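The values are calculated or read from the model by the stated rules, or taken from the named source; none is laboratory data. If you're wondering where the values come from, they're calculated on a predicted model, not measured in any experiment. Please note: Cβ atoms are built from the backbone with ideal geometry, for glycine as well, and neighbour counts cover all protein chains shown.
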Amino acid sequence: MRCRMHFAAVAALNIFLITGCSSPQAQSGAPVFPPVPVVVAQATEEAVPILVRAVGTAEAYSTVEVKAQVAGPLMSVKFTEGAMVNQGDLLFEIDSRPFREAVRQAQAAVAKDGAQLRVAEATLARTRAQLKNAQADAARFEQLSKEGISTRQQEDQIRTAAEVAQHSVAADEASIETIRAVLESDRAAVEQANINLAYCEIRAPLSGRAGNLLLHPGNLVKANGDNALVVINQIKPIFVTFGVPERYLNTVSLQQSRQKLMVEATPDKGTEHESGTLTVIDNAVDSNTGTIRLKAVFENKGGHLWPGQFVNVVLTLDTERSVLIPSEAVQVSQQGSLVYVVKTDQSVEPRPVTVGQGVSGKVIVEKGVSPGETIVTDGQSRLFPGAKITTAAPADPKAN
């Protein structure tokens with residue numbers, strides 16, 4: 001529309017001159033049209049971020065299939081489907097009566113082993129006392145035999161009794177070791193029974209959002225069955241995977257080695273965004289699409305990202321010095337983008353420009369405008385090459 005108005009203004013000027021209806025000022029060479037009131041701004045050179053835009057998919061930071069570790073009837077469910085659960089929260093209860101009985105039996109076996117151990121230790125103490133007495137008798141009879149007081153037969157009998165007592169002590173010590181081994185085994189059985197009893201209460205292994213309930217109370221569950229009871233997705237934090245053209249691979253790898261690269265993700269057709277950091281660069285380029293897969297992690301405090309959701313991703317690679325102008329200064333013509341540049345005599349000239357990405361209400365001018373030049377930001381519809389202008393104050397957005 002602005003181009004049509006521009007051509008109409010030029011056509012009107014030509015008709016005005018051809019028909020000879022010019023004013024005395026026109027015949028004397030003075031401007032025909034009064035200065036056009038416009039709003040202007042200066043092109044500035046600023047440090048702007050180098051952004052790469054892509055479409056990504058949110059993925060759960062961790063996914064856990066909750067299964068039973070012991071078999072038994074499912075007694076109750078302690079959570080609501082689709083609700084947030086915290087690590088350690090009770091989710092399910094399995095009938096614990098058989099496991100409590102197993103604990104009592106294991107504890108009874110330990111008590112029995114303890115009593116047997118005490119009996120064996122007492123027997124060992126008595127046998128050691130007998131051994132000590134037999135060894136003393138053997139030493140005494142050996143001396144008497146040397147003095148010729150006792151007979152050889154008596155000495156042999158006393159020595160044999162001492163050897164028997166010594167073997168009895170060894171047998172009692174081995175019996176004690178056996179009982180102690182059995183005791184340790186039964187203690188382990190108690191621990192295992194307590195673990196199985198604890199497994200009757202199934203608790204959340206992590207904090208996240210629970211999915212649909214896949215098994216209802218009253219059903220018989222199997223230990224480590226094929227089907228999960230519920231699936232929990234951890235969404236705080238959360239991953240977002242996205243692909244960028246392979247031409248950015250070297251830059252991304254270099255910048256990632258120097259610093260953490262910032263990533264912003266906005267749900268499709270959403271306004272709230274989440275900020276995160278790049279964590280993973282895939283080890284191969286997808287030959288089908290010519291892209292490299294990247295993965296970023298987001299704290300997702302606002303909960304705006306959801307597993308499986310498509311999101312718009314903006315990856316900040318680095319910053320560079322660029323020329324910026326207000327985005328409203330750029331006009332579109334049949335030849336491409338152009339801006340009206342104000343010259344020193346307060347006249348304007350249309351100049352073709354090459355624009356890049358937008359940055360906070362401004363656009364990067366890659367070619368066509370230099371820093372410090374004045375450009376028109378409002379009122380371009382009444383301008384034509386060489387038109388004189390007068391600057392007006394920009395409208396205050398707070399006035400309304």
query = Is there a residue in region 302-317 that is part of a strand (DSSP E or B) and modelled with pLDDT under 85?
reply = no
inquiry  = Can you report the number of residues in region 346-375 which are in contact (Cβ under 8 Å) with a residue 24 or more places away in the chain and part of a loop (DSSP other than H, G, I, E, B)?
reply    = 8
request  = Can you confirm whether region 190-206 contains a residue that is modelled with pLDDT of 95 or more, within 24 Å of the chain's Cα centre (by Cα), of a type in the set (D, E, K, R) and surrounded by 16 or more Cβ atoms within 10 Å (Cβ to Cβ)?
outcome  = yes
task = Filter region 228-281 for residues that are surrounded by 20 or more Cβ atoms within 10 Å (Cβ to Cβ), without any contact (Cβ under 8 Å) to a residue 60 or more places away in the chain and either charged (D, E, K, R) or under 28 Å from Asn212 (Cα atoms) (or both) and give the result.
result = Glu274
query = Across region 319-336, which residue is nearest to the chain's Cα centre (by Cα) among those that are surrounded by 14 or more Cβ atoms within 10 Å (Cβ to Cβ) and under 30 Å from Gly243 (Cα atoms)?
reply = Ser322
inquiry  = For region 282-335, which positions are without any contact (Cβ under 8 Å) to a residue 40 or more places away in the chain, over 28 Å from Thr354 (Cα atoms) and aliphatic (A, V, I, L, M)?
reply    = Ala284, Val285
ask   = Going through region 290-318 one residue at a time, which ones are surrounded by 15 or more Cβ atoms within 10 Å (Cβ to Cβ) and small (Gly, Ala, Ser)?
value = Ala296
request  = Considering each residue of region 91-108, count those that are part of a helix (DSSP H, G or I) and either within 44 Å of the chain's Cα centre (by Cα) or within 30 Å of Lys67 (Cβ to Cβ) (or both), and give that number.
outcome  = 11
request  = Would you check if there is a residue in region 193-203 being farther than 30 Å from Met84 by Cα and in contact (Cβ under 8 Å) with a residue 24 or more places away in the chain?
outcome  = yes
Cβ pairs under 7 Å, 6+ apart, first in region 115-142 and within 18 Å of His167 (Cα to Cα), second at pLDDT below 80 and not small (Gly, Ala, Ser) = Asp137/Ile158; Ala138/Ile158; Ala138/Arg159
